[in-house]
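A.B. asks: Sharing a structure below in structure tokens format, with a few things to ask.
The values are calculated or read from the model by the stated rules, or taken from the named source; none is laboratory data. Keep in mind that this is a model prediction, so the values were computed, not measured. Here the Cβ positions follow ideal geometry from the backbone for every residue, glycine too, while neighbour counts run over all protein chains shown. Each accessible area value is taken on the protein alone, full model and side chains, heavy atoms only, with ligands, DNA and RNA left out. Shrake-Rupley method; radii C 1.70, N 1.55, O 1.52, S 1.80 Å.
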Amino acid sequence: MKVYVLSLGCARTLVDSEHVSGLLAASGHTLTDSASAADCVVVNTCAFIREAEEESIAAVLELADLKRSGKVKKLYVAGCLPQKRRGEKEDLLALLPEVDGFLGPGDLRKLPALMEETAERFFVTSPVPTLLFESKSPRLRMTPSHFAYLKVSEGCDHACTFCSIPQFRGAHRSRPIEDLVEEAKSLAGEGVVELNLIGQDTSYYGADLYGSPKLTELLTALNGVQGIHWIRLLYAHPAHVTDRLIEALRDLPRVVPYLDIPIQHIADDLLKAMRRETDGRRVRALIERLRARVPGIAIRTTLIVGFPGETEAHVEELAQFMEETRFERLGIFPYSPEPKTPAERLPHPVHEKVREERFHRLMSLQQRISETVNRTWLGREVEVLIDEPGEGRTYADAPEVDGLVHVKASQVLRPGQFVQARVTDTTEYDLVAETAASVAA
Ligand code: SF4
């Protein structure tokens, strides 16, 4: 069949979707890049919060129209939504009657066979997902050819009280260093120059396999892979960033001075209620160490506002911390009560309107901070990775979530090319730069 794979949610799900595409192609199907050209559609869903579940269901319902109109013959739903709702599968089956089969993230490898052998509707999920794709698993990448995500681990052993991810992604499990190096080499062979390391908690990498975290050893091994120019670390946990990891960020030439480290809040009593295994003093000390020891480091974080028990004083403390720290990149989520999580039963819930108001207040504060941080790049000579003609990123911009560099050049620049450019202007989130050649012209 001609199959279209729609990937929703995060980069971790995207990698799964790439493996699903690879498995389907290896089973003789052809992958298309639009639903209207497909006989069969697979939606790999996201369900980390209620809103994401609703978006996933809305996307499936839209595709169900194509099925009802006879354009699409088969429709499958995979990933986090079926797994998270495995306890209410009858409701999901009833809600989405056009869907021919549901598959959890731990069962993705079974899809080609199920598509071939099963005429009946199926709902296949594992009690606890354990799947971990390895380097020899077929993979058809959905990112532009010059950058890729490398999923170093899956699942999570933390117990943050607001989070349901461990319930449907399973326990933390790492891939062996040798297998990740193998995959990095084949990605480099495909023209990948930027490798983005992902997991639920990358800083805990290897603890299950080797008895203690081995992220530094992994970075050292990946740093030796020819052809890779930038290695970027995403999704680290503040409780697991060691001094050795900080040295690796500073000393390994291919590892960019960038760290994505969700801290969620800064108030001690809220960090405790969130069970974040750290406190405000340690978070501040960690950021101080990062800034002191890794020249030019760009730090990305995410915060949650409106967590049960949060007061105006807590929000003031968070705003002050943001002013002091001036994160280069920062995202904020209004707290979303998740079923079957401890936080859902905590006293003093914050009204939805108040959550929204705090979200907007802190987002506009960060917009001002980001504007002043960006102004410090004015006049600097920077290395830019071109994503498309006229547009690229510096080492301080992760793909798809951070800022852009709008590049003025006298020659056509191709995706995957690195150019030197001088920053001539800035906006809240982006930079404007000119290549040396265009400056000369
Ligand atoms: S570290 Fe916490 S927030 Fe992140 S996936 Fe694990 S439990 Fe969820």
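A.B. asks: Looking at the chain as a GNM with Cα springs under 10 Å, which of Leu346, Leu271, Leu63 has the largest mean-square fluctuation?
C.D. replies: Answer for the Gaussian network model of the chain: Leu346.
A.B. asks: With an 8 Å cut-off on Cα pairs and a minimum separation of 6 or more residues, tell me the relative contact order of the chain in percent.
C.D. replies: 10
A.B. asks: Give me the percent relative contact order of the stretch 381-440, please, defined on Cα pairs under 8 angstrom at least 6 residues apart.
C.D. replies: Answer for the stretch 381-440 is 36 percent.
A.B. asks: Among Leu111, Ile287, Val384, whose Cα sits farthest toward the positive end of the charge dipole of the chain (+1 at Cβ of Lys/Arg, -1 at Cβ of Asp/Glu, about the Cα centre)?
C.D. replies: Value computed over the given set: Leu111.
A.B. asks: Could you compute the net charge surrounding Lys185? Neighbours are other residues with a C-beta less than 13 Å from the C-beta of Lys185; K and R count +1, D and E count -1.
C.D. replies: -4
A.B. asks: Across the stretch 105-227, what fraction of all alpha-carbon pairs, as a whole percent, falls in each successive 10 Å bin from zero upward?
C.D. replies: Over the stretch 105-227, the share of Cα pairs per 10 Å bin runs 12, 37, 33, 16, 2 percent.
A.B. asks: Using amide H atoms built in the peptide plane, which far-off residues or other-chain residues are under 5 Å from Val5 H to H?
C.D. replies: Here the answer is Thr32, Val42, since their amide H atoms fall under 5 Å of that of Val5.
A.B. asks: Still on this model: Note down the Stokes-Einstein diffusion coefficient of the stretch 193-269 in µm²/s, whole number, using a Kirkwood radius over alpha carbon pairs, 37 °C, and 0.692 mPa s.
C.D. replies: It diffuses with D of about 253 µm²/s by this estimate.
A.B. asks: Past the 26 Å Cα-Cα mark, which pairs from Lys110/Lys136; Lys2/Lys84; Lys74/Lys110; Lys110/Lys214; Lys151/Lys214?
C.D. replies: Lys2/Lys84; Lys110/Lys214
A.B. asks: Separate question: Rg to Rh for the stretch 381-440: what is it, with Cα atoms only and Rh by Kirkwood?
C.D. replies: 0.92
A.B. asks: Ok, one more. Choose one answer from Lys214, Lys71, Lys136: the residue with the largest mean-square fluctuation in a GNM of the chain with alpha-carbon springs under 10 Å.
C.D. replies: Highest fluctuation of the listed residues: Lys136.
A.B. asks: Something else now. To one decimal place, what Kirkwood hydrodynamic radius in Å is obtained for the stretch 42-198 from all pairs of distinct Cα atoms?
C.D. replies: 17.1
A.B. asks: Where does the chain land at 222 nm, in deg cm²/dmol rounded to the nearest 500, when only DSSP H runs of n ≥ 4 count, each adding -39500 (n - 2.57), divided by all residues?
C.D. replies: Counting only the DSSP helices, I get -10500 deg cm²/dmol.
A.B. asks: For Arg282, put the label point 7 Å out on the Cα→Cβ axis and report which residues of the stretch 207-242 keep their amide N under 14 Å from it.
C.D. replies: 237-242
A.B. asks: What net charge is computed for the residues neighbouring Leu362, neighbours being all others with C-beta under 13 Å from the C-beta of Leu362, Lys and Arg scored +1, Asp and Glu -1?
C.D. replies: Local net charge: -3.
A.B. asks: A further question follows. Can you spot the lysines whose alpha carbon is less than 26 Å from Lys353's alpha carbon? Ignore those fewer than 8 places along the same chain.
C.D. replies: Filter leaves Lys272, Lys340.
A.B. asks: In addition: Given C-alpha coordinates of the stretch 2-124, what is the ratio Rg to Rh with the Kirkwood estimate of Rh?
C.D. replies: 0.92
A.B. asks: How many percent of the alpha carbon pairs in the stretch 240-363 exceed a separation of 24 Å?
C.D. replies: For the stretch 240-363, the fraction of Cα-Cα distances above 24 Å is 31 percent.
A.B. asks: Taking only protein heavy atoms into account and a 1.4 Å probe, give the accessible area per residue of the chain in Å².
C.D. replies: That works out to 41 Å² per residue.
A.B. asks: May I pose another question? Under Stokes-Einstein, with the Kirkwood radius over Cα pairs standing in for Rh, what whole-number D in µm²/s applies to the chain at 4 °C and 1.567 mPa s?
C.D. replies: My calculation gives 56 µm²/s for D.
A.B. asks: Where is the GNM fluctuation largest for the chain (alpha-carbon springs, 10 angstrom cutoff): Thr302, Thr424, Thr125?
C.D. replies: Between Thr302, Thr424, Thr125, it is Thr424 that shows the largest mean-square fluctuation.
A.B. asks: Based on the alpha carbons, how large is the Rg to Rh ratio for the stretch 54-106 when Rh follows Kirkwood?
C.D. replies: 0.96
A.B. asks: Same structure again: Ignoring any ligand, DNA or RNA, what whole percent of the accessible area of the stretch 2-124 comes from carbon and sulfur when the probe is 1.4 angstrom?
C.D. replies: 51
A.B. asks: Give me log10 I(q)/I(0) at q = 0.16, 0.18, 0.21 Å⁻¹ for the stretch 271-316, Debye formula, one equal scatterer per alpha-carbon, no solvent.
C.D. replies: -0.58, -0.71, -0.87
A.B. asks: Roughly how compact is the stretch 110-149, stated as its Cα Rg over 2.2 N^0.38 Å to two decimals?
C.D. replies: With N residues counted in the stretch 110-149, Rg over 2.2 N^0.38 Å equals 1.62.
A.B. asks: Related question: Per residue of the stretch 41-54, in order, report the coupling 6.51 cos²θ - 1.76 cosθ + 1.60 (Karplus, θ = phi - 60°) as ³J(HN,Hα) in whole Hz, putting x for Gly and Pro.
C.D. replies: These are the phi-based 3J(HN,Hα) values: 10, 10, 9, 8, 8, 10, 8, 5, 9, 3, 4, 5, 4, 5 Hz.
A.B. asks: Nearest 5 is fine: what % of DSSP beta bridges in the chain come out antiparallel, could you say?
C.D. replies: If I count the DSSP bridges inside the chain, around 25 percent turn out antiparallel.
A.B. asks: For the stretch 16-88, report the % of Cα-Cα distances exceeding 17 Å.
C.D. replies: 48
A.B. asks: At q = 0.19, 0.23 Å⁻¹, what base-10 log of I(q)/I(0) does the Debye formula yield for the stretch 335-441 when every alpha carbon is treated as an equal point scatterer in vacuo?
C.D. replies: So the normalised log intensities work out to -0.89, -1.15.
A.B. asks: For the stretch 153-302, place one equal point scatterer on every Cα, skip the solvent, and apply the Debye formula. What is log10 of I(q)/I(0) at q = 0.09, 0.16, 0.20, 0.22 Å⁻¹?
C.D. replies: With one equal scatterer per Cα and no solvent, log10 I(q)/I(0) is -0.28, -0.89, -1.30, -1.47.
A.B. asks: Between Thr427 and Arg109, how many nm apart are label points set 7 Å from Cα along the C-beta direction?
C.D. replies: Modelled inter-label distance: 4.6 nm.
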